[in-house]
Amino acid sequence: MLEPYGDLAREAALKAFQEQAGILAEGGVDGLIIETMFDLKEALCALEACKAATDLPVVVSMAFSTTDNGGRTIMGNAARDCAQALSEAGASAVGANCGDLDPFQMAEIVSMMRDATSLPVLVQPNAGKPRLVEKETVFDMSPPDFAEGVYQCVEAGARLVGGCCGTSPSHIRALADRLA
């Protein structure tokens, strides 16, 4: 996302990300999470800024649109490349959240990332694939199905789990029960 705008845009983004990370660190957070990133270059920029602002752990989570061709973000970044580059840049953990995939498909992304890094892998899928119904985005996966999909992510190597769009306390309860 930063590439077409050149060095000035990158410097402005670094400054904005660093300011946000610094404020959060001053506020007493235990760590930082950069999530729902569609572009690896932007994720790396945000990670660089967070690391310049604080020594806190930084988790970076990408959003994927497909499991095809190595799992891809909408900007075309492969899951393996994301895990590898973010690991090399100093992330504390890497992973996937949101996007256009259901929890079962996210297990494929987790496996690809797990093969590319020794860092912990995070997964926070949506409660199903987003659908537009009467001008409203709907996520209609049941809590038990969500829990089973995330369980498959754990089997694929995820060590940090949660939920993103459409998840409710019922989804998280079902997940906790499934993991128990």
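The values are calculated or read from the model by the stated rules, or taken from the named source; none is laboratory data. Remember, predicted model here, so these are calculated numbers, not experimental data. Cβ sites come from the backbone with ideal geometry, for glycine too, and all protein chains shown count toward neighbours.
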If you check Asp177 against the conditions, is it farther than 17 Å from Ala63 by Cα, out of contact with any Gly (no Cβ under 7 Å at 6 or more places or on another chain) and acidic (Asp, Glu)? yes
So Asp177 ticks every box in (1) surrounded by fewer than 17 Cβ atoms within 10 Å (Cβ to Cβ); (2) under 19 Å from Thr66 (Cβ atoms); (3) modelled with pLDDT of 95 or more; (4) not small (Gly, Ala, Ser) but one. Which box is left unticked? (2)
Taking the conditions exactly as written (surrounded by fewer than 24 Cβ atoms within 10 Å (Cβ to Cβ), out of contact with any Phe, Trp or Tyr (no Cβ under 8 Å at 6 or more places or on another chain) and within 24 Å of Glu155 (Cα to Cα)), does Phe104 satisfy them or not? yes
Go through the residues of region 125-141 one by one and say whether even a single one is within 21 Å of Asp39 (Cα to Cα), in contact with an Asp or Glu (Cβ under 9 Å, 6 or more places away or on another chain) and modelled with pLDDT under 95. yes
Report, by residue number, each residue of region 74-87 that is free of Cβ contacts under 8 Å to residues at least 60 places away in the same chain and in contact with a Phe, Trp or Tyr (Cβ under 6 Å, 6 or more places away or on another chain). Ile74
Matching residues, region 6-39, being aliphatic (A, V, I, L, M) and exposed (fewer than 13 other Cβ atoms within 10 Å of the Cβ): Leu8, Ala12, Ile23
Can you tell me which condition Val29 does not meet? The list is (1) in a loop (DSSP other than H, G, I, E, B); (2) within 14 Å of the chain's Cα centre (by Cα), and all the others hold. (2)
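Determine, yes or no, whether Thr36 is on the phi > 0 side of the Ramachandran plot, at pLDDT 95 or above, under 13 Å from the mean Cα position of the chain (by Cα) and not acidic (Asp, Glu). Quick ask: steps written out before the conclusion?
Values: on the phi > 0 side of the Ramachandran plot: yes; at pLDDT 95 or above: yes; under 13 Å from the mean Cα position of the chain (by Cα): yes; not acidic (Asp, Glu): yes.
Yes; evaluated as a whole, the condition is true for this residue.
Here's a check for you: in region 50-73, which residue that is free of Cβ contacts under 8 Å to residues at least 40 places away in the same chain and out of contact with any strand residue (DSSP E or B) (no Cβ under 9 Å at 6 or more places or on another chain) is farthest from Gly27 (Cα to Cα)?
Among residues in region 50-73 that are free of Cβ contacts under 8 Å to residues at least 40 places away in the same chain and out of contact with any strand residue (DSSP E or B) (no Cβ under 9 Å at 6 or more places or on another chain), the one farthest from Gly27 (Cα to Cα) is Asp68.
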Residue that is farthest from Val58 (Cα to Cα), among those in region 88-142 that are without any contact (Cβ under 8 Å) to a residue 24 or more places away in the chain and among the charged types (D, E, K, R): Glu134
